[in-house]
Amino acid sequence: MSTIIDLSAARRKRLVPQDVSVESEIDKNNPNVRWWYLSATSSHAVQEYIDSLFAEVESFGNGYGRFIGPKRAFGGDYQAMGWTIVFPGTCGGN
């Protein structure tokens, strides 16, 4: 059995600072939607991660996302919450 590698996750690890804590969950009502919670010590790191998520979703041809943040939270970290969506059947073909 072959190993499946998520190239987008590997690319983000290489290009985005490593200090970003990421939690994500697929929406129970719509599997095309993924909810995200990001946290890091700098707003720049959080914003770079958001930008990389948008680039990944938009690369499918018909996807987008919305985020609130990065905002400073209690404890001094910067946090952002949001979602991304990709529409199936409209990406690169018939």
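Read-outs: derived from the displayed coordinates by stated rules, not from any lab. Source: prediction; values computed, not measured. Ideal geometry is used to build each Cβ from the backbone, glycine not excepted, and the neighbour counts take in all protein chains shown.
Worth a mention:
- Taking other C-beta atoms within 10 angstrom as a stand-in for reagent exposure, Val20, Val57, Val46 fall in the order Val57, Val20, Val46, fewest first.
- Sparsely packed loop sites in the range 51-81 (the chymotrypsin sites (Phe, Trp or Tyr not before Pro) outside DSSP H, G, I, E and B with at most 10 other Cβ atoms within 10 Å) comprise Phe74.
- Shape call, the range 22-86: gyration tensor on alpha carbons, a/c limit 1.5: oblate
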